[in-house]
Structure formats: C-alpha cells, structure tokens
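Input: a single structure, listed below in structure tokens.
The values are calculated or read from the model by the stated rules, or taken from the named source; none is laboratory data. Everything numeric in this text was worked out from a predicted model, so none of it was measured. Neighbour counts are summed over all protein chains in view; Cβ atoms, including those assigned to glycine, are modelled from backbone coordinates with ideal geometry. For the accessible areas, the whole protein counts, side chains as well, though only heavy atoms, and no ligand, DNA or RNA atoms are used. Shrake-Rupley method; radii C 1.70, N 1.55, O 1.52, S 1.80 Å.
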Amino acid sequence: MGKVGETSGTTQARDAAAFVEWFRAAAPYIHAFRGKTFVLAFGGDAMLREDFVDLVYDINLLNALGVHLVLVHGVRPQVEERLTSEAHYVRGRRVTDADTLEHVKDAVGSVRVDIESLLSVGLPNTPMAGAEIRVASGNYVTAQPAGVVDGVDLLFTGEVRKIAAAAIRARLDAGEIVLLSPIGYSPTGEVFNLTLEEVATQAAIALAAEKLVFILDHGETTDAKGRRVSRLTAAQAARLLRDLPDGDMKLYLPHAAHACKKGVAKAHLISADVDGAVLMELFSHDGVGTMVTRQSVESLRQATIDDVGGILSVIEPLEADGILVRRSRERLEQEVGQFFVDELDGRIVGCVALYPFPEAGAGEMACLAVAREYQRGGRGDALLAAVEDAARELGLTRLFVLTTRTAHWFIERGFALGTPEDLPAPRQAMYNWQRRSKVLVKRLEGA
Ligand code: ARG
C-alpha cells in the first residue's frame, strides 16, 4: 500500500492525505467513546441558527458510533417570543407565573417536535441517510419549586429533584437518543420550569456520564483577555470565572466544573460559531473548545514500556533535524526505565532520560524533547526539574548534558560549558569526537 499524497503534489492528493491523517487521528476516540454516555446541551438559540442542522448531523454521527446520547435543549428565545408581558428575573432566574408556564409548555412541545423531526430525516443525500434514529422523551425529570428568593416567590420556576437515571439508561441501552427538556414534574402533578444547564448537569451526574457538553450560543471559549482556554481543572475554572465577562462561558463554566466534581469525567464548552466544532473537540487531541476535568490531565512520571511509541513520536522529528542522536527502537525499549515522560490527556508530549554514573557522582541527562505544538508552556523546565530531583535522590552532585545545537537553553538554566574531560570515564570512552557535542555541566545544590 502506497502512502497517500506521496505520488503527486496536487491539492487533491494533499486533501486526501489530510483526510486520511485526520481519520486515523480520530480512531482512538472512536474506540474510546463506544458505549459511553454523553450529555449534550444546547440553548434554544442554537435551534434558530441556520446551521443547526449541522449539529443534528454531528449528533447522528455520534449515535452511529455507538455513543449513548442524552440531548438537553433550551427554550429561552421561544418562550420570550410567546410572552405578552415583561419577564421578571430574580438573581438571573425567571419568575414563572401560571401564564408564563403555559408558554413554556407550548414552547417545549414545539421545540421537541422540531428536534424529533430533524433527527428523523433520512434523505439519501444527507449524512442522515440510513440513520433511523429513535428519540425517547418523557417524565424523566422530577422537580420541586425553587421557592422564595429575595422575598419573591418564583412560583413555577423549579429545581431538579431527581433524574430517572435507570429509566434513561434503559432507553440508551436500547440504542435510542434521550431528549430532555427544561421542565420537570412534581409528585403532585405540577409542572416546573427548569434551566437547561441544571437539567443537563444533574442528568450527567446521575448517569455518571463520560462527558457533559455545552454548546455556547454566544461568545467564544476564551478567558477575560480573549485567549483560548483549552484545558481547565475545576479549581482553575473557579479562578477564571472571577474575571470573565457575562456570556455563555460564564453561564456554563460553573456547571461544567460542578459536574466534574460530582464524577463526570470531562465537561466541554464548545462555541457554536465554529463549523464542525463538536467533531473537532471530540475527535482531536487538542479540540477547539474548553475542556474541564476534576484533576489536571497532565502528569510528569516515570516511563513504562507502553510509552515507547509515544516517546518515539516526540523524538523522531528532532532526530530527523539532527538535534537528537538517533536511537533504535530496541535501545529505547531497553532504556525506557531511565525515561520520564510528560503525558497530556493521554498523549506523550515530552520526555527526558537520566543515565546515572554513581561512581563519578554524576548523571547524564539525555533526550530532552517536547513535541513542537506543546513547546510553549514550561514543559522543558518541568522535565529538567524532574531529572534534577531524581538525580539528587540518587545522591548525584553533578548533572551533565551533551548537545550540539541547544547549549544556550541549558546555560540559561544554570549549566556551564565544560570539556569532554569533565565526563565520567566510561562516558568519555563513548564520546563521539566527530559529533563534537558541547559538554554542559550543572552542580546540583542540596544533593
Ligand atoms: N478529543 C478529546 C476528548 O474529547 C480531547 C479534547 C480536548 N479538548 C480541549 N479543549 N483541550 O476527550
């Protein structure tokens, strides 16, 4: 089998190569997502967008890949459109009087029918061809009145009391998509108006979902300075929230963080303004939105035999550029115990090795590498610090490194230029005079 894109430099071949590469990169996620429960929430605004059908296509694709999907929709604009009098809000919550509740019921019914109809499309020239999606909806959400807030009775505005997780799971196991609306029923037969974010969050928690995904109608997944926020822990999210301007990011982020604290593996915020954003977020390593997890998805640790492939993918480009000396896969397998790796959300993005020479009280640091896309962010420094710690623990007092092209980086970090004579005897014997690497030495304080 030839490599796609090698034969000619035409756009077509390049497109094909990109397509194949993208598809292969998505494979691990396709495996990982099958049979997992995702709760996907979007506001009533999403449905008013012309490209809403694209989101439906992506939902169809997730369903086809065996993801257990719970959809939660909103109805805010649809309710507002129906209201004849001004809505009253207390602390951001609408007061739902009996009249408003009728409009809510009306809007929910109509929106639900629209979503069900879109998911029923089976036209041959759409991604929905052959789909046959079944949608289940019903009284899965039990609600209670929100009560009196700041002296105002919120009336039919409610809170989630219980999610019928077992009943929902039965539908999901039968291959159906479950559609939840922002309303709930009380044991006395009353109907309450809920927020979609609360329904989605509570459903994700009750189902111990793998993912809770919020689609943002307004604004990007950026911090107060407009920079994209790719990954956050729940604690970092709380800090970021303090300066965030009003918008969907500010609205959904606390719910995302709360869900993670309550056992949802990952929560994602995705801007609706980017076409295909859901697929890019879910099927690529860095996504396009913001991912929230309870704990950091990055860790620095000792390497194991399973990391050999990941280490190779990091060092191969540097070997090709002549920055690192080429090592064989066999050698790497033998020496992997000397390596530390930086693992970011399941992928090895950096590595470093420490070869101790205890008789000389010295250690060689080698193979320090960080994959190009992840170079900014202090990862090199963190790897260096890990090696220094490990060396100290072994009682070593000197760390040395051989390099041809990156001496300045080490000098900035406390290494001094030495000579091959500074190397421990066994290492001197192996010194490659042709390569003429610079020898850099650092004294380890506190060893
Ligand atoms: N596709 C992966 C997942 O869904 C990673 C997503 C990373 N997203 C991000 N915003 N960093 O778990």
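Note on Glu330: accessible area approximately 120 square angstrom, rounded to 10, probe 1.4 Å, nucleic acids and ligands left out. Remark on Lys36: its backbone amide H falls under 5 Å from those of His68, a criterion applied only to residues 5 or more positions apart or on other chains, H modelled at 1.01 Å from N. Summing Lys, Arg as +1 and Asp, Glu as -1, what charge do residues with Cβ under 13 Å from the Cβ of Trp409 carry, Trp409 excluded? In short, +3. Ellipsoid fit via the Cα gyration tensor, region 262-404: semi-axes of 33, 17, 13 Å, each the root of five times an eigenvalue, largest first.
Taking only the alpha carbons of region 154-212, we obtain Rg and Dmax values of 12.1, 38 Å in that order.
Amide H contacts under 5 Å for Ala136: Ile177, Val178, Leu179, restricted to partners 5 or more places along the chain or on a different chain, H placed in the peptide plane at 1.01 Å from N. Shown in residue order for region 176-193 are the 3J(HN,Hα) couplings computed by the Karplus curve 6.51 cos²θ - 1.76 cosθ + 1.60 at θ = phi - 60°: 8, 8, 9, 10, 10, 10, x, 9, x, 10, 9, x, 8, x, 8, 10, 10, 8 Hz (x for Gly and Pro). Normalised by the number of residues in the chain, the average gap of Cα pairs under 8 Å and 6 or more apart makes the relative contact order 11 percent. Qualifying chymotrypsin sites (Phe, Trp or Tyr not before Pro) in region 56-156, where qualification requires a DSSP coil assignment and no more than 15 other C-beta atoms within 10 Å, are lacking entirely. Taking a ≥ b ≥ c as the square roots of the eigenvalues of the Cα gyration tensor, region 252-326 is classed as oblate, since a/c reaches at least 1.5 and a/b does not exceed b/c.
For region 214-293, the Kirkwood estimate of hydrodynamic radius, built from reciprocal distances between every pair of different alpha carbons, is 12.3 Å. Rounded if a/c is under 1.5, else prolate if a/b beats b/c, else oblate: with a ≥ b ≥ c from the C-alpha gyration tensor eigenvalues square-rooted, which is the chain? Verdict is prolate for the chain. Tell me the net charge near Arg327. Cut-off is 11 Å between Cβ atoms, Arg327 excluded, with +1 for each Lys or Arg and -1 for each Asp or Glu. For residues surrounding Arg327, the net value is -2.
Against the empirical curve 2.2 N^0.38 Å, the C-alpha radius of gyration of region 151-286 lands at a ratio of 1.14. Simple rule: put +1 on each Lys or Arg Cβ and -1 on each Asp or Glu Cβ in region 201-252, find the dipole, and look at Gly247, Gln236, Gly219; the Cα lying farthest toward the positive end is Gln236. Scaling against 2.2 N^0.38 Å puts the C-alpha radius of gyration of region 91-177 at 1.46.
Across region 1-135, Cα-Cα pairs more than 22 Å apart make up 57 percent of the total. Taken as Cα centroids, region 254-312 and region 57-100 sit 26 Å apart, rounded to the nearest whole angstrom. In the context of the full set of protein chains, residues of the chain present 50 Å² of accessible surface per residue (probe radius 1.4 Å, heavy atoms only).
Dipole check for region 284-345: with +1 at the C-beta of Lys and Arg, -1 at the C-beta of Asp and Glu, and the Cα centre as origin, the magnitude is about 100 Debye. Placing a label point 7 Å from the Cα of Thr419 along the Cα-to-Cβ direction, none of the residues of region 353-382 has a backbone N under 13 Å of that point. Electrostatic bookkeeping for Asp58 treats Lys and Arg as +1 and Asp and Glu as -1; over the other residues with beta carbon under 15 Å from its beta carbon, the sum is -3.
Split the accessible area of the chain by element, probe 1.4 Å, and carbon with sulfur accounts for 51%. Using heavy atoms of the protein chains and a probe of 1.4 Å, the accessible area assigned to Met47 is about 30 Å². Short to long, the 10 Å bins of the Cα pair-distance histogram for region 333-446 hold 14, 46, 34, 7, 0 percent of all pairs. Computing FRET efficiency as 1/(1 + (r/R0)^6) for Lys36 and Val149, where r is the C-beta to C-beta distance and R0 is 56 Å, gives about 0.95. Given Val95, Met47, Ile59, which one lies farthest toward the positive end of the charge dipole of region 23-137, if we put +1 on the Cβ of every Lys and Arg and -1 on the Cβ of every Asp and Glu? The listed residue farthest towards the positive side: Ile59.
The modelled label-to-label distance for the pair Asp389/Ile411, using points 7 Å beyond Cα in the direction of Cβ, is 2.9 nm. Going by a ≥ b ≥ c, the root eigenvalues of the Cα gyration tensor, does region 34-76 fall in the rounded group (a/c under 1.5), the prolate group (a/b larger than b/c) or the oblate group? Note, shape of region 34-76 comes out oblate.
Sites listed here are trypsin sites (Lys or Arg not before Pro) in region 300-384 whose DSSP assignment is loop and whose Cβ has at most 10 other Cβ atoms within 10 Å: Arg376. Rounded to the nearest whole Hz, the Karplus-based 3J(HN,Hα) values (6.51 cos²θ - 1.76 cosθ + 1.60, θ = phi - 60°) of region 366-374 follow the sequence 9, 6, 6, 8, 10, 4, 3, 5, 10, with x at glycine and proline.
Between Val75 and Gly44, the built amide H atoms are under 5 Å apart, and every one of these is 5 or more places off in sequence or on another chain. For the chain, the 222 nm mean residue ellipticity estimated from helices alone, with every DSSP H stretch of n ≥ 4 adding -39500 (n - 2.57) and the total spread over all residues, rounds to -11000 deg cm²/dmol. Label point 7 Å out from Asp114 along Cα-to-Cβ: which residues of region 49-78 have amide N under 16 Å? The answer is 49-57, 72-78.
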